């Protein structure tokens with residue numbers, strides 16, 4: 001089993017401006033300030049083809065169900081990797097994954113930035129998989145819901161950043 005993740009957010013920024021924000025060294029700093037999630041850059045690499053790799057560490061939100069606690073890292077931190085490919089026909093495609101040290105969960109999927117008439121659309125697809133008998137399904141749904149909530153908060157922050165002078 002697994003829980004499906006699908007979310008999309010529209011913004012006024014064009015594809016390349018949104019990508020520049022989402023892959024900047026400052027994006028985790030802004031998230032840490034706004035979301036209080038302790039985000040910080042682990043690695044950032046710009047490739048010659050225009051692709052960008054951003055690996056960041058962040059704290060898990062509190063308030064998770066008790067049955068999950070024994071599977072979560074002691075320090076409460078996870079590592080998120082966003083790997084964006086080069087521009088192709090005005091689009092940017094990438095992959096994302098989250099590593100939860102010590103937990104048997106797999107979390108990841110695809111990223112898409114595409115132009116719209118008024119800016120761009122950011123689409124996140126993926127799945128949460130927790131292969132634990134009895135509680136795996138509940139854990140998958142909880143994790144997927146958490147990703148969707150975090151995505152909404154990050155999209156709100158992105159819209160705020162886009163209104164600031166360049």
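Answer yes if at least one residue in region 129-148 is modelled with pLDDT of 95 or more, loosely packed, with under 14 Cβ neighbours inside 10 Å and either more than 19 Å from the chain's Cα centre (by Cα) or over 24 Å from residue 38 (Cα atoms) (or both), and no otherwise.
no
Can you list the strands (runs of 3 or more DSSP E) lying wholly within region 20-85 that have 1 or more residues being closer than 19 Å to residue 111 by Cβ and at pLDDT below 90?
It comes to 77-84.
Checking the conditions here, which among 14, 37 is surrounded by 15 or more Cβ atoms within 10 Å (Cβ to Cβ) and under 16 Å from the mean Cα position of the chain (by Cα)?
Criteria check complete, one pass: 37.
Counting only residues that are touching a strand residue (DSSP E or B) at 6+ places or on another chain (Cβ under 6 Å) and in a helix (DSSP H, G or I), which one in region 127-152 is farthest from residue 106 (Cα to Cα)?
151
Mind checking which pairs have a first residue in region 28-53 that is touching a residue at least 12 places away in the same chain (Cβ under 8 Å) and on the phi > 0 side of the Ramachandran plot and a second that is surrounded by 12 or more Cβ atoms within 10 Å (Cβ to Cβ) and assigned to a strand (DSSP E or B), Cβ under 7 Å, 6 or more apart or different chains?
Every condition considered, the pairs that remain are 38/58; 38/59.
Here's a check for you: in region 84-126, which residue that is farther than 24 Å from residue 156 by Cβ and surrounded by 14 or more Cβ atoms within 10 Å (Cβ to Cβ) is nearest to the chain's Cα centre (by Cα)?
Only one residue fits best here, namely 99.
The values are calculated or read from the model by the stated rules, or taken from the named source; none is laboratory data. Everything numeric in this text was worked out from a predicted model, so none of it was measured. In this analysis, Cβ positions are derived from the backbone assuming ideal geometry, glycine residues included, and neighbour counts consider all displayed protein chains.
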